[in-house]
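All remarks here apply to the structure that follows.
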Amino acid sequence: NAGVTQTPKFQVLKTGQSMTLQCAQDMNHEYMSWYRQDPGMGLRLIHYSVGAGITDQGEVPNGYNVSRSTTEDFPLRLLSAAPSQTSVYFCASRNTGVGYTFGSGTRLTVV
Amino acid sequence: SQQGEEDPQALSIQEGENATMNCSYKTSINNLQWYRQNSGRGLVHLILIRSNEREKHSGRLRVTLDTSKKSSSLLITASRAADTASYFCATEKNTGRRALTFGSGTRLQVQP
């Protein structure tokens, strides 16, 4: 099925561990972005990409890295997990003129 | 930081009534989008309105945009229990950045 696939769906990390959240889309979308959603709040932009090889920071980039080596994949790396990074992470993609398609999210807990 | 505020933060209505949600934003935009999120789920795109458009319809949804006031509204007509969800407005800024800045959302409860 066409869409945005995020893995894993759930993850528990210990403080200081690193991990990569995967995001893949099969719709040939140019634009991809990562967001975090904390309880009772809207989404905040972490990083985004307007095409393969091009990434930029959003509003809350500290502690996260991204890369976009292909059109399809946009992984988010947590460098050294902290309890403040406990959140639900969403990946989204779109092309010009249409709305974003969101993945189902990764629920991350850092203990 | 959030782009703006949504009003009201929570809304409870009866099935069949109309629901209106308002959104304000702070900077010049390329477009404004509305999304729905059911509890614990991902976001679903509802409608996109460009900065040069004033009104858009999609089924039971009507969106207006007033760029002079930096505000938008979402009207859901003849609401159903299945419309119960959180609704978010989000903007793409007029800076070439292709990513969204979200409002804080409105939690809509439609009573059967």
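The values are calculated or read from the model by the stated rules, or taken from the named source; none is laboratory data. All values reported here derive from a predicted model rather than from experimental measurement. Cβ atoms come from the backbone with ideal geometry, glycine included; neighbour counts cover every protein chain shown. Accessible surface areas use protein heavy atoms only, side chains included; no ligands, DNA or RNA. Shrake-Rupley method; radii C 1.70, N 1.55, O 1.52, S 1.80 Å.
Rounded to the nearest 20 debye, the dipole size of chain A about its Cα centre is 340 debye, using +1 on the Cβ of Lys and Arg and -1 on the Cβ of Asp and Glu. With the alpha-carbon atoms of chain B aligned to their principal axes, the span from lowest to highest coordinate is 43, 28, 20 Å, starting with the largest.
Model label sites at A:Val12 and B:Asn94, defined 7 Å from Cα along the beta-carbon direction, differ in position by 4.9 nm. Of all segments of chain A bounded by trypsin sites (Lys or Arg not before Pro) found in a DSSP loop with no more than 14 other C-beta atoms within 10 Å, the longest spans A:15-111. Taking the protein heavy atoms of chain A in the context of the full set of protein chains, the accessible area attributed to carbon and sulfur is 50 percent at 1.4 Å.
Averaged over peptide A:43-55, the number of partner chain Cβ atoms lying within 10 Å of each residue's Cβ comes to 3.
Overall size of the protein assembly as shown from C-alpha positions, given as principal axis extents largest first: 49, 36, 34 Å.
Across peptide A:86-99, the mean count of Cβ atoms from other chains lying within 10 Å of each residue's own Cβ comes to 3. Annotation for segment B:1-75: trypsin sites (Lys or Arg not before Pro) lying in DSSP loop with at most 16 further Cβ atoms inside 10 Å of their Cβ are B:Lys26, B:Arg41, B:Arg54, B:Arg60, B:Lys69. Phi angles of segment B:92-98 translate, via the Karplus equation with coefficients 6.51, -1.76, 1.60 and θ = phi - 60°, into HN-Hα couplings of 9, 5, 8, 10, x, 6, 9 Hz per residue; Gly and Pro are given as x.
Approximating the spin labels as points 7 Å out from Cα along Cα→Cβ, the B:Thr67-to-B:Glu15 distance works out to 4.1 nm. Buried accessible surface for the A/B chain pair comes to about 1800 Å², total over both chains, computed with a 1.4 Å probe. Along its three principal directions, the equivalent ellipsoid of segment A:1-77 from the Cα gyration tensor extends over semi-axes of 20, 15, 14 Å, largest first. The residue among B:Ser39, A:Tyr89, A:Tyr31 whose Cα reaches farthest toward the positive pole of the charge dipole of the protein assembly as shown, with charges on the beta-carbon of Lys, Arg, Asp and Glu, is A:Tyr89.
Close Lys pairs in the protein assembly as shown (alpha-carbon distance under 28 Å; sequence gap of 8 or more, or different chains): 9. When chain A is described by a simple charge dipole with +1 on each Lys and Arg Cβ and -1 on each Asp and Glu Cβ, the residue from A:Val60, A:Gln17, A:Gly42 located farthest towards its positive end is A:Gln17. Fully extending the segment from A:Ser69 to A:Ala52, taken as 0.36 nm per residue of separation minus the present Cα-Cα distance, adds 5.6 nm.
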